[in-house]
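So the structure is just underneath, and the comments pick up after that.
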Amino acid sequence: MNSTTLKSFLTTNLNVNENEVVAILDNCTTKTVKKDAFLLRKDERCKHTFFVEKGLLRQYSIDTKGKEHVIAFAPENWFVTDRESSYFNEPSVYYIQALEDSEVVLMDENFIQLLSKKVPSFTDFNTRLLHNHIRHLQKRVNALLSASAEERYLQFVEMYPDILLRVPQTMVASYLGITPESLSRVRKALAQKNFKK
């Protein structure tokens, strides 16, 4: 849980002067979000990309049978948004909810355009972030289609090293596309393997 302000995240990753970033950050809002509060609900239009300075968010959908499907977790230093809704101005099919009391920066399209204009290196950085996001989504789809529950779990631990200590097992199971009972079996089997080493 290493929290970072958006200012320090940008200055570190873009290698720019802090003063350049400070003036631009006046164009976005930092919001304190209580645990269980929503930043986005189904059928709303997503107008922001959210950067988590402190806390933890999750993005999920609910199917026609009322079952939740966790799409992503967003701990400190992560971005989360509904790109389909924000880019194409369509009603969202997702919820974005705080799982802990959180500090979140809300960035709209105007802010991103301004940042791209004032800090040219941001365009390349933002493109890399987007491609990295797509890469992770492709890996996840492939894992859901072809990997065992154990392999999916190990990939999850690699991507989200501290999430297991912060969210209910049911949400982890939902992310992995397995039942909580299957997740318990996977964790037990891995513990036994590690114990024998």
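The values are calculated or read from the model by the stated rules, or taken from the named source; none is laboratory data. Nothing here was measured: the structure is a model prediction, and the numbers come from that model. Here Cβ is always computed from backbone atoms with ideal geometry, including for glycine, and neighbour counts include all displayed protein chains. Remember, those area values only see protein heavy atoms, side chains included, never the ligands or the DNA or RNA. Shrake-Rupley method; radii C 1.70, N 1.55, O 1.52, S 1.80 Å.
Computed from label points 7 Å out along Cα-Cβ, the spacing between N142 and D101 is 4.2 nm. Normalised per residue, the accessible area of the chain is 61 Å², obtained with a 1.4 Å probe and no contribution from ligands, DNA or RNA. Multiplying the residue separation of N13 and F38 by 0.36 nm and subtracting their alpha-carbon distance yields 6.1 nm.
Roughly how tilted is helix 109-118, in degrees to the nearest 10 and between 0 and 90, from the longest Cα axis of the chain? With both axes taken from Cα atoms, the answer is about 60 degrees.
Helix 149-159 and the longest principal axis of the C-alpha atoms of the chain enclose an angle of approximately 30°.
Each Lys or Arg adds one and each Asp or Glu subtracts one; over the other residues with Cβ under 12 Å from the Cβ of M171, this totals +1. With N as its number of residues, the range 38-170 has a Cα radius of gyration that, divided by 2.2 N^0.38 Å, comes to 1.10. Between the range 25-97 and the range 155-191, the alpha-carbon centres lie 21 Å apart. In order along the range 73-90, the Karplus-derived 3J(HN,Hα) couplings, from 6.51 cos²θ - 1.76 cosθ + 1.60 at θ = phi - 60°, round to 10, 10, x, 3, 6, 10, 9, 8, 6, 9, 5, 4, 6, 6, 7, 9, 6, 10 Hz, and Gly and Pro are given as x. Each stretch of four or more DSSP H residues adds -39500 (n - 2.57); spread over every residue of the chain, this sum gives -15000 deg cm²/dmol at 222 nm. For the chain, the fraction of 1.4 Å probe accessible surface lying on carbon and sulfur atoms is 51 percent.
Spin-label model, H69 to E151: label points 7 Å out along the Cα-to-beta-carbon direction sit 2.1 nm apart.
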